[in-house]
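The values are calculated or read from the model by the stated rules, or taken from the named source; none is laboratory data. Note that this is a predicted model, so its numbers are computed, not measured. Note: ideal-geometry Cβ built from the backbone for every residue, glycine included; neighbour counts use all protein chains shown. Note: accessible area is taken over every heavy atom of the protein model, side chains too, but ligands, DNA and RNA are not part of it. Shrake-Rupley method; radii C 1.70, N 1.55, O 1.52, S 1.80 Å.
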Amino acid sequence: MFEYDQPFYFAGLPFTARQVPRKLAWLLARGEIRQFLKGVYVDVRVPDSPTLRADALRLVVPSDAIICGRAAAWLHGIETTALGPEPMVSPHWTFLEQPFVETQGLKVITPAATAIELAKNLRLPFALSAVDALLHAGVVSFHELTAAAAAYFAEDDNSLAARVIRYADHRAASPAESWLRLRLLDAGFGRPDLQVRVEGPDRVYRLDVGYPDRPVDGRRLGLEYDSDEWHSSTKQQLRDETRRTELDALGWHIISVRRTDLWGSYPALELAVGAFLCQHPRLPRRW
């Protein structure tokens, strides 16, 4: 590994494999470079940025092409976690006429067109998390999205893509919150509220999703996604337990949701929510 005070490899600019044909595997093995975009590499010390993404795409996309698909969402600032299970984005472009904007000197389909394309082409959970992420980032408004969608979907269209557009919500702060909301919708529990505000005597709590308007015996249901990164250590788990106890005293029953609950095949999440709401969930899960 280069010392910290050494120059960045390729001056910190992205480069393709053709530029280092014999050294590529060696540099990757030494941990000095990383693959940033499929077929494009950069020094590991260079942080991600909108400019770096544009520079990487510029190396592989024809100058007169329009960037589309997951690559368009990536250029609009969306993280790959929201776009699918693959950790790496591949460059996609088209020469067909498309509504586009210029970003960092590149032609890319508009955020609204990007959202509609992803809603139509990605698997359902990733379609929703991608569209949610575009709304949450503020690159497209829900009004702009629904106006653009009117050209593709009839009002009574019940296709998966049309449902994604209707389900989309800018308040989803992470892909996991989008997937959690989709599990609840798919089970037939109705649309939950997001970023639910709960007033306590000394502080204000925010719940990822919840049903504040469906009390059962005076208690309400909230659900929170606990990622492995922020909710695994003993200290973090004690903090979470204290928080749930405080919310319980305020009349909220909190269900903690982990990644295995979202993606596992066993319907423990749906059964737990159904037991509280006194409602049989629709099973099996349809995605």
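With Rg and the Kirkwood Rh both taken from Cα atoms, where does Rg over Rh land for segment 32-99?
Result: Rg/Rh = 0.96.
Please go through segment 94-180 and write out the GluC sites (Glu not before Pro) that DSSP classes as loop and that have at most 15 other C-beta atoms within 10 Å.
Of the GluC sites (Glu not before Pro), the ones in loops of segment 94-180 whose Cβ has at most 15 other Cβ atoms within 10 Å are GLU97, GLU155.
Rounded to the nearest whole Å³, what is the per residue volume of the convex hull around the Cα atoms of segment 147-272? Write down the numbers at each step before the final one.
Working: hull volume 17.2 nm³, N = 126.
With only Cα atoms used, segment 147-272 gives 136 Å³ per residue.
Taking 2.2 N^0.38 Å as the expected size of a compact globular protein, what ratio does the Cα radius of gyration of segment 8-142 give against it, to two decimals? Don't jump to the answer; show the numbers that get you there.
Numbers: Rg = 15.3 Å, N = 135, 2.2 N^0.38 = 14.2 Å.
Cα Rg divided by the expected 2.2 N^0.38 Å: 1.08.
Springs between alpha-carbon pairs under 10 angstrom, Gaussian network model over the chain: which of PRO91, PRO62, PRO175 fluctuates most?
PRO62
Would you mind computing the Rg to Rh ratio of segment 78-155 from its alpha-carbon coordinates, Kirkwood style for Rh?
That ratio is 0.95, to two decimals.
Expressed as a whole percentage, what fraction of the accessible surface of the chain belongs to carbon and sulfur atoms when a 1.4 Å probe is rolled over the protein heavy atoms?
Carbon and sulfur together cover 54 percent of it.
Counting only Cα atoms, I'd like the Rg/Rh figure for segment 86-202, Kirkwood definition for Rh.
Ratio value, two decimals: 1.01.
Can you compute the equivalent ellipsoid semi-axes for segment 62-119, i.e. the square root of 5 times each eigenvalue of the Cα gyration tensor, sorted largest first and rounded to whole Å?
Result for segment 62-119: semi-axes of 18, 12, 10 Å.
Mind listing the Cα extents of segment 186-256 along all three principal axes, in Å, largest one first?
33, 32, 19
Excluding ligands, DNA and RNA, what is the solvent-accessible area per residue of the chain at a probe of 1.4 Å, expressed in Å²?
The answer is 52 Å² per residue.
I need the semi-axes of the equivalent ellipsoid of the chain: take the C-alpha gyration tensor, multiply each eigenvalue by 5, square-root it, list largest first in whole angstrom.
The answer is 39, 26, 16 Å, longest axis first.
Please give the calculated 222 nm ellipticity per residue for the chain, where each DSSP H segment of at least 4 residues contributes -39500 (n - 2.57) and the sum is spread over every residue; nearest 500 deg cm²/dmol?
Details: 11 runs with 108 residues, N = 287.
Value at 222 nm, helices only, nearest 500: -11000 deg cm²/dmol.
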